[in-house]
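Take a look at the structure set out below.
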Amino acid sequence: SALWFVAVAVVSAVSAAAAPDAGRQQAGSGKGTARQARVLEPDRTGVSLPVGLAFSSARSAFYVIAARPDSAAAETDVVRLSPFDLSPASDRAGSARIAAALKDPVNMAFDVRRDRLLLLDDADRLLEVRTDASGDLDPRTLVRRDALRLDLQDAQGMAVDPQSGVVFIL
């Protein structure tokens with residue numbers, strides 16, 4: 001699905017950036033490479049259909065939103081996954097219920113500079129939720145920021161520059 005495609009695209013982009021000469025040679029030949037970096041196994045994570053994904057390099061954790069049968073839910077569950085060092089599989093390490101409905105869970109990113117998860121809600125507000133000492137999201141820290149002045153028409157993803165903290169919305 002789209003989430004798997006994004007993961008493969010990111011791995012491919014990182015691989016090409018890590019080896020620029022190899023990336024140029026492959027780009028010219030029209031062939032690319034992809035490798036499996038992590039597997040989100042439903043029996044280990046409790047997430048059967050991931051629809052949103054963010055990674056914290058500082059915490060070495062994935063934050064995942066699963067599809068909900070009730071798309072009009074006023075709350076969003078975010079699961080924290082801890083990747084194993086010796087295994088390509090990830091395990092559920094924690095979860096939090098955020099009091100907000102999201103328009104599209106693909107619009108989430110982790111800000112390592114400020115140790116917070118950023119999301120866009122269904123009213124085009126930028127949400128931020130900070131983590132606690134264990135890396136779990138703390139729903140009590142939820143802050144809603146007005147993003148209407150950004151005039152977002154059809155947001156299709158988010159990213160945060162880890163050096164500057166600048167938030168990019170596609």
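The values are calculated or read from the model by the stated rules, or taken from the named source; none is laboratory data. Quantities reported herein were computed from a predicted structural model and do not represent experimental measurements. Quick reminder, even Gly has a Cβ in these numbers, built from the backbone with ideal geometry, and neighbours come from all protein chains shown. Calculation scope for accessible area: heavy atoms of the full protein, side chains included, ligands and nucleic acids excluded. Shrake-Rupley method; radii C 1.70, N 1.55, O 1.52, S 1.80 Å.
Key figures for this structure:
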quantity	calculated
ARG130 vs. criteria open to solvent by less than 60 Å² (accessible area, probe 1.4 Å) and of a type in the set (D, E, K, R)	no
Some residue of segment 134-146 being in contact (Cβ under 8 Å) with a residue 60 or more places away in the chain, open to solvent by less than 20 Å² (accessible area, probe 1.4 Å) and among the small types (Gly, Ala, Ser)	yes
Cβ-Cβ under 7 Å pairs, at least 6 apart or on other chains, segment 34-46 side at pLDDT 70 or above, far side assigned to a loop (DSSP other than H, G, I, E, B)	GLN36/PRO88; VAL39/PRO88; LEU40/VAL47; PRO42/SER48
Qualifying residue in segment 64-82 (condition: part of a loop (DSSP other than H, G, I, E, B), farther than 24 Å from LEU127 by Cα, at pLDDT 75 or above and not β-branched (Val, Ile, Thr))	no
Some residue of segment 148-162 being among the polar types (S, T, N, Q), open to solvent by 90 Å² or more (accessible area, probe 1.4 Å), touching a residue at least 24 places away in the same chain (Cβ under 8 Å) and at negative phi	yes
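Rundown of residues vs (1) over 17 Å from the mean Cα position of the chain (by Cα); (2) open to solvent by less than 80 Å² (accessible area, probe 1.4 Å); (3) modelled with pLDDT of 80 or more, yes/no style:
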site	(1), (2), (3)
ALA7	no, yes, no
SER15	yes, yes, no
PRO20	yes, yes, no
GLY23	yes, yes, no
GLY32	yes, yes, yes
SER60	no, yes, yes
